[in-house]
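One structure is given here, and the rest of the page talks about it.
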Amino acid sequence: MGILHHALAAALAFATPAAAQELSIATGGTGGVYYPYGGGLAELINRHVEGATATAEVTGASVENMALIARGDSDIALALADTVAQAYAGTGAFEGRRIAELRTLAAIYPNAIHLVTLADSGVQTLADLRGRKVSVGAPGSGTEVNARALLEANGITYDDFEPQRLNFNETADALRDGAIAAGFWSVGPPTSSILNLAATRAIRIVPISDEEFARGQAADPVFARYTIRAGLYDGVGDTQTISIPNALVVHADMDENLAYRITRALFEHVGELIAIHPAANDTTVEFTLGSSPIPLHPGALRYYEETGAAVPDRLRP
C-alpha cells in the first residue's frame, strides 16, 4: 500500500504544472508608447512563453525603471538608450550609482523628441523657450534627460525658463489650457496624448535645426536625425527633430533560458505588437544590433546568433 501511495503521489506531482513565473514589465505613463507597448509585450509573453506570465506596470519611465531593475522590483523595463547607457556607466543622472548588472534583450524602436506648442504661441525655435513655462517631462523620465541634454547643448539652462515636471497627459492638458507655452515628449510617434491635443487645438511641433542637432549629438552621441512625418498629427507637416533608441532591459541574473525564450517570442510574433502600436514596426534584429546601448543578455545573444546575425563585439557580455 505504501508503494502504491508513493507512486500515486509521484504521478500527481508530475501531472501538476509548476507555477508560472510572474514577470513585471516597467513601462511609463499611460499617455505615451511605453505602456501600450509593454502591455502588448505582456500579452505576447502570456501567449507564447511557456511557464511565464507578465503584467505591464505604470511607472515614471526610464530613470525610475533602471532603479526598479537594479532592485529586482521589475523583471523587464523599457527605457531610453541614453538613460540606459548612463545607468550602466554611472554617469549623468546616475553619477556615483552605477548599475553594471543591466543587460538588454533588444532595441525596440526610436523615440522622437516632440517639442509641442500651440500654433499661435509664438514659439518657433528652442531659443523662444526663454522666459516661458515649459514642461520638461515627468520626474525620473527619459524625456527630461533628453530635453535637458538638448537644451544645455544649445546654451539653454533651467535658469532661462520655468521648468514644469509634468507627465505626457498633464503636459497636453496644460498646453490645452494655456498654462504652459510648450512641452517636451520623447516618445515613439504617433502618441495618444499629442493626437488628442491636436484634435482639439491647432498645434506646432518645433523643428530642430541642423545646427541645434549637431550640438545635441556632440553632447549625446546616441542622438540621431529623425523626421516626424506629415499627417501623423492633425495639421503638422514634416518636422525635423532628434531620435533616441529605446531598449528592453533586464538584470544580468535573469535565467538565460527565460531571456532566450522572451527574445525569440518578441521577434517571432512581432506582428502582434505592431497591431497594438505602429512603433513596433521598428522592432527588428537589425535595429537591435545597430542601436542597443549596452551588452546583450547571454540568452538574447543566443537568439541573435541562432538567426545568423553578426553581433558586434561591443554587445557581447
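The values are calculated or read from the model by the stated rules, or taken from the named source; none is laboratory data. Quick caveat: nothing in here was measured; it's all calculated off a predicted structure. FYI the Cβ positions are ideal-geometry reconstructions off the backbone, even for glycines, and counts take in every protein chain you see.
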Within segment 33-57, how many residues are of a type in the set (S, T, N, Q) and closer than 29 Å to residue 112 by Cβ? 1
If we take segment 88-206, then strands (runs of 3 or more DSSP E) inside it with 2 or more residues that are under 23 Å from the mean Cα position of the chain (by Cα) are 102-118, 133-135, 162-164, 182-187
Taking the conditions exactly as written (surrounded by fewer than 19 Cβ atoms within 10 Å (Cβ to Cβ), of a type outside the set (Gly, Ala, Ser), within 30 Å of residue 259 (Cβ to Cβ) and touching a residue at least 60 places away in the same chain (Cβ under 8 Å)), does residue 95 satisfy them or not? no
For residue 243, which of the numbered conditions (1) of a type in the set (Ser, Thr, Tyr); (2) surrounded by fewer than 15 Cβ atoms within 10 Å (Cβ to Cβ); (3) over 18 Å from residue 172 (Cα atoms) fails to hold? (2)
Report yes if residue 144 is acidic (Asp, Glu), in the same structural domain as residue 183 (by TED's automatic domain parsing), closer than 16 Å to residue 219 by Cβ and buried (at least 17 other Cβ atoms within 10 Å of the Cβ), otherwise no. yes
Looking for whichever is of a type in the set (A, V, I, L, M, F, W, C) and crowded, with 16+ Cβ neighbours inside 10 Å here; the options are 119, 127, 100, 54. Which one fits? 54
Condition first: surrounded by fewer than 19 Cβ atoms within 10 Å (Cβ to Cβ), in contact with a strand residue (DSSP E or B) (Cβ under 9 Å, 6 or more places away or on another chain) and modelled with pLDDT under 95. Can you find one or more residues in segment 34-50 that meet it? no
Please determine whether any residue of segment 239-257 is part of a loop (DSSP other than H, G, I, E, B), more than 24 Å from residue 63 (Cβ to Cβ) and in the same structural domain as residue 78 (by TED's automatic domain parsing). yes
Answer yes or no: is there a residue in segment 263-279 that is modelled with pLDDT under 95 and touching a strand residue (DSSP E or B) at 6+ places or on another chain (Cβ under 8 Å). yes
Which of the residues belonging to segment 216-229 are over 29 Å from residue 295 (Cβ atoms) and either crowded, with 20+ Cβ neighbours inside 10 Å or modelled with pLDDT of 95 or more (or both)? 228
If I filter segment 296-304 for residues that are part of a loop (DSSP other than H, G, I, E, B) and assigned by TED's automatic domain parsing to the domain that holds residue 83, do I get at least one hit? yes
So in segment 207-229, with the set limited to residues that are among the charged types (D, E, K, R) and part of a loop (DSSP other than H, G, I, E, B), which one is nearest to residue 61 (Cα to Cα)? 220
Residues in segment 22-33 that are more than 17 Å from residue 104 (Cβ to Cβ) and at pLDDT 95 or above: how many? 2
Any chance segment 55-63 includes a residue that's in a helix (DSSP H, G or I), more than 13 Å from the chain's Cα centre (by Cα), of a type in the set (S, T, N, Q) and at pLDDT 90 or above? no
